[in-house]
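The values are calculated or read from the model by the stated rules, or taken from the named source; none is laboratory data. Note that the coordinates shown come from a computational prediction; the quantities given were computed from them, not determined experimentally. Neighbour counts run over all protein chains shown; Cβ positions are idealised from the backbone, glycine included. For the accessible areas, the whole protein counts, side chains as well, though only heavy atoms, and no ligand, DNA or RNA atoms are used. Shrake-Rupley method; radii C 1.70, N 1.55, O 1.52, S 1.80 Å.
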Amino acid sequence: GENVVTQGEDGDYFYVIESGTFTVLVDNKPVSTLNAGNSFGELALLYNSPRQATVRADTAASLFSLVRETY
């Protein structure tokens, strides 16, 4: 699948999953699965910190995104 966010990179967006399945990886190890209604990316917005995990789309997916200025 395609990475939506990559661990260690700067982040400006918070994401809410509309549809699809995603895997969360920390140090390239899967730690959880996210589905519709789940969200991710808030730490980068709240603390201006690098991404703490990689989030990979495993299926066709749809996301809503909010940029830091909106949040």
In region 1-15, residues that are closer than 11 Å to residue 61 by Cα and surrounded by 14 or more Cβ atoms within 10 Å (Cβ to Cβ) total 2
Between a first residue in region 1-20 that is touching a residue at least 12 places away in the same chain (Cβ under 8 Å) and charged (D, E, K, R) and a second residue that is open to solvent by 80 Å² or more (accessible area, probe 1.4 Å) and part of a strand (DSSP E or B), which pairs have beta carbons less than 9 Å apart while being 6 or more apart in sequence or on different chains?
18/64
Among the residues of region 18-57, which ones are surrounded by 11 or more Cβ atoms within 10 Å (Cβ to Cβ), over 10 Å from the mean Cα position of the chain (by Cα) and among the polar types (S, T, N, Q)?
19, 21, 32, 33, 35, 48, 49
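For region 1-32, how many residues meet the condition of being among the hydroxyl-bearing types (Ser, Thr, Tyr) and out of contact with any strand residue (DSSP E or B) (no Cβ under 6 Å at 6 or more places or on another chain)?
Going through region 1-32, the residues among the hydroxyl-bearing types (Ser, Thr, Tyr) turn out to be 6, 13, 15, 19, 21, 23, 32.
Filter once more, keeping what is out of contact with any strand residue (DSSP E or B) (no Cβ under 6 Å at 6 or more places or on another chain): 21.
Result for region 1-32: 1.
Looking at region 23-52, which of the residues that are of a type in the set (Gly, Ala, Ser) and out of contact with any helix residue (DSSP H, G or I) (no Cβ under 9 Å at 6 or more places or on another chain) is farthest from residue 13 (Cα to Cα)?
Kept after step one, since they are of a type in the set (Gly, Ala, Ser), are these residues of region 23-52: 32, 36-37, 39, 41, 44, 49.
Of the ones still in play, those that are also out of contact with any helix residue (DSSP H, G or I) (no Cβ under 9 Å at 6 or more places or on another chain) are 32, 36-37, 39, 41, 44.
Details: 32: 20, 36: 17, 37: 16, 39: 11, 41: 6, 44: 8 Å.
Result: 32.
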